[in-house]
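What follows is one structure encoded as structure tokens, with my remarks underneath.
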Amino acid sequence: MPVADSQLVSVIIIFWNAKPFLAEAVASVVAQSYPDWELLLVDDGSTDGSTDLAQHLVAADPHRMRYLEHPQHANRGMSASRNLGIAQARGTYLAFLDADDVWFPNALEEQVEILRSQPDAGMVYGPIEWWYSWSGRDEDREQDYVEPLGVPANTLLPPPRLLSLFLRDRAAVPSGVMVRRDLAERLGGFENEFRGEYEDQVFCAKVCLNASVFASNRCWYRYRQHPNSTVSLGIQTGATHGARLTYLNWLAGYLTSNGITDAGVWRALRFEFWRFRHPRAYRLLRRGEYFVMKVRESSSVAK
């Protein structure tokens, strides 16, 4: 798919102690079929040798890659690190890749073409592949799967429709996104108070409330599953539970301070607060919904 009128894409990879995977993530950027990109490697205070590795990778292609870090090599969290990348970006578009994940080679080319052909879209995303087989273990080879979007593919979703859906777990949270840089800057980028989980959902919520989002059927992103990922560690330590409440409180404040009164979003948010405070009742509700769904399926087959 040739892309006319080439426009620069600023790729931002933030990392903290990601030495085992960082080179592979960078290699997937270098392998892109779309040639007009710059790569910003943002070091969030690594101590495991990632710093030397990143600087070595940049030295191999200094015209297209830059190494960034916070003053005094500080650890300031994921959101602040992404914002540092955004502040230094020169591209028309921003694309975010986690240091332990990889892209398929056509990711940037196809995303740029979509944003060029969809001028009303502020962001584009597609389904991601949950990637287990990277381990090389036989038991992991059959586990890879592409997560369903939960919305009609190849559609432009006006604000704030997508937020209501992914807030209620009825649609996948946009991942592997490409966003227009001017939109990201206008929205203030990521929220620095979110240092770990939900920082991506906070950013996506801001985009979905203020711009249309294009949901593609194309899978561009391989989401590596391993026990040391931010999500895995959050589940293991129980930090995910508190992070969810922090996110919900932030969203309520954001909606209020920006005068957003959309009934669907507020209804979804109130339900999420209820679910958080009454997990047992929610589990019973889900079991009931599952039972009703199975009854309907059986009735349909019988007919």
To the nearest 10 square angstrom, how much accessible area does T155 have with a 1.4 angstrom probe?
-> 40 Å²
Could you work out how far helix 263-277 tilts from the main Cα principal axis of the chain, as a 0 to 90 degree angle to the nearest 10?
-> 90 degrees
Carbon and sulfur together cover what percent of the accessible area of the chain at a 1.4 Å probe radius?
-> 53 percent
For the chain, longest principal axis from Cα atoms; helix 239-257 axis from its Cα atoms; angle between them, nearest 10 degrees, is 90 degrees
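For the chain, with every protein chain kept in place, what is the accessible area per residue (1.4 Å probe, Å²)?
48 Å²
Which value in deg cm²/dmol, rounded to the nearest 500, describes the helix-derived mean residue ellipticity at 222 nm for the chain, given -39,500 (n - 2.57) per DSSP H run of n ≥ 4 and division by the residue count?
Per the formula, -14000 deg cm²/dmol.
The values are calculated or read from the model by the stated rules, or taken from the named source; none is laboratory data. Every value quoted in this text rests on a predicted model; they were computed, and no experiment measured them. With ligands, DNA and RNA removed, areas are computed over all heavy atoms of the protein, side chains included. Shrake-Rupley method; radii C 1.70, N 1.55, O 1.52, S 1.80 Å.
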